[in-house]
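Everything below concerns the one structure shown next.
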Amino acid sequence: MDTFREILSRLPLSVRQELEVLPDYVVSETEEIRLRCGQHIRLQSKNMDRIVSHIVTAEELVKTLNSLIKYSYYAYEEDLAKGFVTIEGGHRVGICGKAVVKNGQTVLIKEISSMNIRFAKEIKGCSDKIAPYLVGGDGKPKSTLIVSPPGCGKTTMLRDIARSLSSRMIKVAVCDERSEIAGMYNSKPSFDLGPRTDVLDGSPKAQGIQMLIRSMSPGVIITDEIGKKEDLEAARQCLSSGVALITSIHGSSSESLKKSEIKPLLDTGFFKNIIFLSKEYGPGTVAEVVNG
Amino acid sequence: MVKGLLIICFVAACGLLGSVKAWELKERIVLLEDFQKMILLLKGKMNYLREPITTMIDAEAKKDNSRAFNLLDEAGTALREKNAEMDRIWVQKASEIYKGAYLTEDDMELIIYPGKFLGQTDWENQQARFDFLEKRLQQQIDSARQDYRVKGPLYRKIGFFAGGLVSIIFI
């Protein structure tokens with residue numbers, strides 16, 4: 001509930017005052033706030049799809065974005081080019097509108113038409129089901145790939161894995177490229193990642209993984225959404241250094257993995273476990289565990 | 001004796017007026033240099049740390065009590081409280097804080113200029129605008145120093161001289 005109020009304080013007054021009067025049970029249930037130009041504010045979760053009477057204007061969308069990026073486009077220009085920003089607390093704000101394209105790449109989104117504020121959550125214990133797969137008989141962590149479609153709780157799962165392994169005397173290093181796993185703010189994580197976890201915040205994975213291996217002597221590196229060719233090279237560094245890697249990728253099945261950029265890595269048997277998540281019984285449902 | 005005292009007082013008063021005028025020229029340099037210091041700090045922080053504006057303001061604005069840093073502090077506060085546009089806030093706060101200051105119209109244009117670009121573009125453009133502002137500010141500071149060098153002593157001398165001349169004629 002504090003997260004909700006925290007985010008509310010960043011919204012324009014005209015939007016905020018409509019949301020401040022919501023009952024507590026609605027607030028605690030909300031996972032996303034959707035703002036669309038010319039439409040009602042929509043609050044959503046797996047069990048809820050509720051509208052608020054206020055109709056969002058284009059000006060309010062601009063003011064909301066300005067507030068969320070602290071009036072500093074330059075500080076978030078790379079994120080904005082990808083269509084989202086991550087704000088304090090690790091919450092992701094997706095942005096839609098008119099893409100400004102330069103050299104075939106989107107560099108900015110202007111004329112914002114909608115935003116999706118997704119709350120980052122901490123669910124302690126959500127990785128307990130897969131805990132037996134993550135550590136071998138020798139007490140060493142195993143490289144694991146978590147596969148799921150969007151919204152199935154990959155990042156929440158990774159967060160809890162960090163906490164769980166860290167509590168089991170394993171040195172954990174988190175390469176948090178988009179500041180979503182740890183939600184670092186003023187040098188502190190917004191979530192409990194355990195007593196033996198170091199976080200490298202905002203660094204591209206390829207570079208960050210190398211830096212962590214060299215400087216933090218981790219037993220395992222945790223990072224989110226591996227997929228680019230540069231990331232594969234970093235993963236190979238983990239392999240040659242004897243450091244386990246636990247990471248995630250978008251996908252829904254083994255077939256989708258075979259078509260992905262990380263197929264060469266899969267073929268080497270680098271990942272000892274591949275865990276598929278689904279939403280069947282809510283986000284974080286473990287659909288299948290495949291032992292590499 | 002009374003006449004003598006009157007002459008002395010009158011000459012001193014005119015001399016003081018001349019000194020005040022010279023002091024205004026000095027004050028212009030101080031204000032411009034203070035603003036330049038603030039701008040260089042912002043530019044450096046942005047360049048090195050890529051911190052958002054409100055974060056930089058929180059860290060730096062209260063370290064100095066000068067007009068430029070007060071402008072930074074008040075603009076940051078107003079941004080957060082009113083959730084308004086930077087250009088409007090900056091112009092409003094600059095006009096309030098520099099009201100009555102001994103600055104030319106060109107000086108004030110430069111003081112208002114950051115409101116037109118701060119935080120509103122990508123990093124490359126921010127740096128380009130800062131470079132332009134730095135260059136123009138330096139030109140104004142150089143011009144203000146030249147003014148003070150030439151006109152400062154002149155105003156002081158004229159003050160005393162005029163005071164002496166008038167008192168001789170009328171007293």
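Every number in this text was worked out from the coordinates using simple rules, so none of it is lab data. Note that this is a predicted model, so its numbers are computed, not measured. So basically every Cβ, Gly included, is an ideal-geometry build from the backbone, and we count neighbours across all protein chains shown.
Details
- Share, in percent, of DSSP beta bridges within region A:128-291 that are antiparallel, nearest 5: 25 percent
- Contact order relative to length of chain B, as percent, for alpha carbon pairs under 8 angstrom and 6 or more apart: 46 percent
- Averaging the Cα positions of each part gives two centres, and for region A:59-84 and region B:120-135 these lie 18 Å apart.
- In plain terms, the residue of B:W90, B:W23 with the fewest other Cβ atoms within 10 Å comes first and the most crowded comes last, giving B:W23, B:W90.
- For region A:47-57, backbone phi angles converted through the Karplus equation (6.51, -1.76, 1.60; θ = phi - 60°) give residue-by-residue couplings of 10, 9, 8, 10, 9, 10, 4, 5, 9, 7, 9 Hz, Gly and Pro being listed as x.
- Between helix A:205-216 and chain A: long-axis angle, C-alpha atoms, 0 to 90°, nearest 10: 60 degrees
- Inter-site label distance for A:T106 and A:R236 at 7 Å from Cα along Cβ, in nm: 3.1 nm
- Members of A:K121/A:K263; B:K37/B:K62; A:K70/B:K82; A:K98/A:K121; A:K154/A:K188 lying beyond 19 Å, as alpha-carbon distances in this model show: A:K121/A:K263; A:K98/A:K121; A:K154/A:K188
- Cα-based radius of gyration of region A:128-291 once divided by 2.2 N^0.38 Å, which approximates compact folds: 0.94
- Average partner coverage of A:63-72, which counts Cβ from other chains inside 10 Å: 6
- Long-range HN-HN contacts of A:K142 with modeled amide H, under 5 Å: A:V135, A:G136
- Alpha-carbon centroid distance for the pair region A:240-292 / region A:162-179, whole angstrom: 18 Å
- Using θ = phi - 60° in the Karplus curve 6.51 cos²θ - 1.76 cosθ + 1.60, the 3J(HN,Hα) couplings for region A:224-241 round to 10, 6, 6, x, 8, 4, 4, 5, 5, 5, 5, 5, 5, 4, 4, 4, 6, 8 Hz; x is entered for Gly and Pro.
- Lysines whose Cα lies under 22 Å from that of B:K21, excluding same-chain neighbours fewer than 8 positions away: B:K99, B:K151, B:K157
- With a 10 Å cut-off around each Cβ of A:6-17, the average count of Cβ atoms from other chains is 1.
- Potential lengthening of the chain between B:R149 and B:F161 amounts to 2.4 nm, from the contour at 0.36 nm per residue minus the alpha-carbon distance.
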